[in-house]
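The values are calculated or read from the model by the stated rules, or taken from the named source; none is laboratory data. On a predicted model such as this, the values are computed, not experimentally measured, just so you know. Methodologically, a virtual Cβ is constructed for each residue, glycine included, from the backbone with ideal geometry; neighbour enumeration extends over all protein chains shown. Note: accessible area is taken over every heavy atom of the protein model, side chains too, but ligands, DNA and RNA are not part of it. Shrake-Rupley method; radii C 1.70, N 1.55, O 1.52, S 1.80 Å.
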Amino acid sequence: MKSKKFETLAIRTQLERSEFNEHSTPLHLTSSFVFDDTEQMRAMFSDEIQGNIYSRFSNPNTTELIDKICLLEGAEAGWATATGMAAVFTAFGALLEQGDHVLSCRSVFGSTHTILTKILPKWGISHSYVDINDTENWQDYVQENTKIVYIETPTNPGIDIIDLEWLGNFCKKNKLLFIVDNCFATPYLQQPIKYGANLSIHSATKYIDGQGRVMGGLIAGDANLIDEIQGFARHSGPALSPFNAWVLSKSLETLPVRMDRHSENALKLAEWLEQHQEVELVKYPFLPSHPKYDIAKKQMYAGGGIVTFIVKGGLEKGKRFLDKLKMISMTANLGDSRTIATHPASTTHSKLTDEEREEVGILPGLIRVSVGLEHIDDIIADINQAL
Ligand SMILES: *Cc1c(COP(=O)(O)O)cnc(C)c1O
């Protein structure tokens with residue numbers, strides 16, 4: 001299968017057909033599996049033979065999804081979890097121990113920030129934040145006990161880009177595990193493992209589902225790390241439901257066509273916004289005005305579906321813009337077929353001080369649009385009337 005193209009792998013990676021000769025993989029909604037005899041049960045429990053025992057450990061639908069994400073990411077092995085945050089926490093929980101240190105950026109997803117700042121310190125695990133745009137200084141932050149470099153690119157909602165090739169070399173030189181939250185790009189647009197990442201993590205809730213239906217998380221990467229993750233997850237229990245695995249595996253079949261259209265719509269919107277007089281700044285990886293345009297072009301196949309812009313008039317104007325939208329949804333998700341807009345300064349990040357918001361790249365007039373699959377003319381028309 002490995003020699004096939006991405007689109008084919010996304011569709012043709014399937015469980016073997018059952019006695020019913022089904023064309024599309026059926027749902028295996030069962031919590032456990034029956035053994036033929038005590039000898040088989042003993043051998044499976046002691047890992048002498050592979051097989052399904054209990055759906056907290058493995059399930060055929062989850063296995064299909066994991067096999068698929070591994071092929072799409074170019075990874076040796078993988079694991080699936082109930083949510084994206086379960087994937088992030090499982091990776092940290094399995095790979096870190098007391099006294100370890102993580103190097104990351106302040107722009108990471110909000111709940112990842114909470115894990116780093118509130119949860120891991122309970123177990124004596126510390127972190128430092130480095131500036132994603134100032135890689136010159138990173139070396140100064142590497143400590144003797146630094147074990148993991150954890151980043152997102154593009155970042156949320158600032159759409160900053162980090163050079164994965166540079167970071168892969170940096171991690172190799174410093175003997176650090178290199179983990180990327182690849183949720184915004186998906187493996188169709190960006191494959192961090194090519195640049196030396198040891199793990200690529202996804203909130204499958206976003207573009208992998210792509211239709212705002214189910215939650216899930218995926219981890220793909222080095223087999224030795226996935227072994228540790230599997231040992232941790234089998235017993236701590238963040239298992240993905242077989243139903244969600246079944247949905248997500250089907251969703252991946254259409255990932256390439258969806259990401260092509262998301263990216264095409266997003267680029268058109270970004271270009272349109274850039275010439276609008278009420279707009280101060282537009283951030284999109286594939287706009288030539290993006291400070292890291294060349295790096296984005298090098299490591300991403302297309303720009304993805306997220307466009308960020310700053311409306312003139314600050315906080316009040318940002319709020320008013322959102323309230324005036326007619327079709328575009330105001331909801332706490334992204335990567336949906338429906339276009340979604342958020343105004344972080346007055347909603348998700350309203351509790352932060354102005355300085356704290358600025359540190360994360362959230363200016364008062366910043367709007368984040370997760371550009372959907374509706375016709376671009378209708379998306380632009382709604383944004384135009386609200387501006
Ligand atoms: C949504 C998101 C997560 C968390 O995923 P859930 O499925 O909501 O748990 C992690 N990282 C990024 C970049 C996200 O957008």
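Structure notes:
- Pairs with Cβ under 8 Å, 6+ apart, first in the range 322-338 and assigned by TED's automatic domain parsing to the domain that holds His375, second of a type in the set (Phe, Trp, Tyr): Gly335/Tyr207
- For Pro157, the conditions (1) open to solvent by less than 20 Å² (accessible area, probe 1.4 Å); (2) part of a helix (DSSP H, G or I) all hold with the exception of (2).
- Whichever residue in the range 93-110 is within 12 Å of the ligand (Cβ to nearest atom) and open to solvent by 20 Å² or more (accessible area, probe 1.4 Å) and, among such residues, is farthest from Glu355 (Cα to Cα): Phe109
- Taking the criterion of being part of a helix (DSSP H, G or I) and within 8 Å of the ligand (Cβ to nearest atom), the residues of the range 78-92 that qualify are Gly84, Met85, Ala86, Ala87, Val88.
- Count - residues of the range 184-234 that are open to solvent by less than 10 Å² (accessible area, probe 1.4 Å), of a type outside the set (Asp, Glu) and in contact with a Leu (Cβ under 9 Å, 6 or more places away or on another chain): 21
- Within the range 368-386, the set of residues being in a loop (DSSP other than H, G, I, E, B) and open to solvent by less than 30 Å² (accessible area, probe 1.4 Å) comprises Val371, Gly372.
- Per-region count, the range 169-187, residues of a type in the set (Phe, Trp, Tyr) and either away from the ligand (no atom under 14 Å from the Cβ) or part of a helix (DSSP H, G or I) (or both): 2
- Selection within the range 36-66 - surrounded by 11 or more Cβ atoms within 10 Å (Cβ to Cβ) and of a type in the set (Gly, Ala, Ser): Ala43, Gly51, Ser55, Ser58
- Selection count, the range 201-228, where residues are more than 12 Å from the ligand (Cβ to nearest atom) and among the polar types (S, T, N, Q): 2
- Residues in the range 111-133 that are in a loop (DSSP other than H, G, I, E, B) and open to solvent by less than 50 Å² (accessible area, probe 1.4 Å): 4 in all.
- Tyr141 being within 16 Å of the ligand (Cβ to nearest atom) and not assigned by TED's automatic domain parsing to the domain that holds Leu363: no
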